[in-house]
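Inspection log for the structure reproduced underneath, given as structure tokens.
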Ligand SMILES: Cc1ncc(COP(=O)(O)O)c(C=O)c1O
């Protein structure tokens, strides 16, 4: 005999499967469920939380439980199951023109008119205070290579909330996450080494591989669950791979989250094949619910190098990131010293104050509600498109991945949209293989004000006619 919560869970599950409650729709309130099913509030919440843990529902503060957005029917093709041999990345693979336009986190750059968010005002105030505090001869000295201790202490506290309890000395402050990824590769790899990456994946990594003359091995990644670890296992038996770069929490471009068993398998493979694992954790703090624990929290072997920054969670302009290098930490500290000597202390101390005073956490809370609203608006529009599309529905990150009919070339569409100041992010940017030319990343980092909304609604025509 099932418990009451299991009966209710089954009832709700069936309702979702039979589309009684459709993708994105709100479920009856807890109060209503209690009345209809004669169960206690605790029982109803238990059933809902179990469905939430399976990724079928999303809890939204003060609004209730909603059916998680589902993928639309595939247009064919789907996830490739083969891997090309390792190769060097060449200039022509990289779409520098698009990168120079900041690779479009805004469909309509310059349209932003919204007031500065309170979190950014608070951050600016903390930094300004820190600058005013600089007295004496501090300006004549460099910061230590690891970076300001107060900021590292705040980072340690911040990660403790996500199930990893590092010491402040395990961090080195960097100039953003790209700089952290650069130090991670420089410290752990040598020219000609093979590096496995998610595909589609972050173009910034491809640029780094090119500069460091490392070979790329693109392993298919799903927009829902990230890198295919079974396939990774197969390729590890074929080629001598030195490192693997993954983004387990809300990977760009689709917002994938690696399930716990996949993370465990990746670490087991890393141990067996002696891999360096570079974890790009940059999107974790954009989670709409609680962010998943970092891969680093499961790393008993000290072979995960965690890289991240405040670029996606607070400000791209602040250029503050960090790296926790495991067994490569000493070398990373040395390489930071060689490449940049030190960072700015007043900036780090100001940001540490911003965190210590609780403004960072309040900012994340406000921002995640806004991002969820932006995502919902975007998904609602995409689900109305007449052409068959497959859309990811992330519970964090800043963008969705859109697979269009294979006849559409989004690089052509990118060029066709530029005269109207619409900047698309074509799929070809996210791989060197050319297999994503019919795909598009669309960001929801910005509010859909009237002008952006209008640009979004013009996309189908631009895509079809290019
Ligand atoms: C996955 C990923 N990693 C790293 C970066 C670079 O971050 P930062 O601005 O902190 O250098 C980005 C920026 O787009 C990114 O999307």
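Throughout, read-outs are computed from the coordinates displayed, never taken from laboratory work. What you see is a predicted model, and the numbers here were worked out from it, not measured in a lab. Neighbour counts run over all protein chains shown; Cβ positions are idealised from the backbone, glycine included.
Counting neighbouring beta carbons within 10 Å and listing from fewest to most, the residues 183, 236, 57 come out as 236, 57, 183. Normalised by the number of residues in the chain, the average gap of Cα pairs under 8 Å and 6 or more apart makes the relative contact order 20 percent.
Sort 387, 123 by Cβ crowding within 10 Å, fewest neighbours at the top. Walk me through the numbers before you get to the answer.
Numbers: 387 12, 123 24.
The most exposed by this proxy come first: 387, 123.
Dividing the helix sum by the residues of the chain, where each DSSP H run of 4 or more adds -39500 (n - 2.57), gives a mean residue ellipticity at 222 nm of -12500 deg cm²/dmol.
Show me 151-158, 14-21 ranked by packing, highest mean number of other Cβ atoms within 10 Å first. Walk me through the numbers on the way to the answer.
Working: 151-158: 19.5, 14-21: 12.9.
Output ranking for 151-158, 14-21: 151-158, 14-21.
Sorting the segments 42-49, 434-441 by their mean number of nearby beta carbons within 10 angstrom, highest to lowest, gives 434-441, 42-49.
For the stretch 119-360, the relative contact order works out to 31 percent when only alpha carbon pairs closer than 8 Å and six or more residues apart are counted. Bridges between two residues of the chain, per DSSP, are antiparallel at a rate of about 60%.
Rg and Dmax of the chain, both derived from C-alpha coordinates alone, stand at 22.7, 74 Å.
Using the beta-carbon distance between residue 161 and residue 129 and R0 = 22 Å, what value does 1/(1 + (r/R0)^6) give for FRET efficiency, to the nearest 0.05? With R0 = 22 Å, the Cβ-Cβ based efficiency is 0.30. Cα centroid separation, the stretch 1-42 to the stretch 134-179: 46 Å. In this rough spin-label picture, where each label sits 7 Å from Cα along the Cβ direction, the residue 377-residue 453 distance is 0.7 nm.
Between residue 416 and residue 301, the simple spin-label model (points 7 angstrom out along Cα→Cβ) gives 4.8 nm. Multiplying the residue separation of residue 29 and residue 233 by 0.36 nm and removing their Cα-Cα distance gives an extension gain of 69.0 nm.
What percent antiparallel are the DSSP beta bridges of the stretch 119-360, to the nearest 5? Display every interim value, and only then the final one.
Values: 11 of 29 bridges.
Roughly 40 percent of the beta bridges in the stretch 119-360 run antiparallel, per DSSP.
Note on 100, 415, 368: ascending count of other Cβ atoms within 10 Å places them as 100, 415, 368, the fewest first.
Placing a pseudo-label 7 Å from each Cα along the Cα-to-Cβ vector at residue 407 and residue 14 gives an inter-label distance of 4.3 nm.
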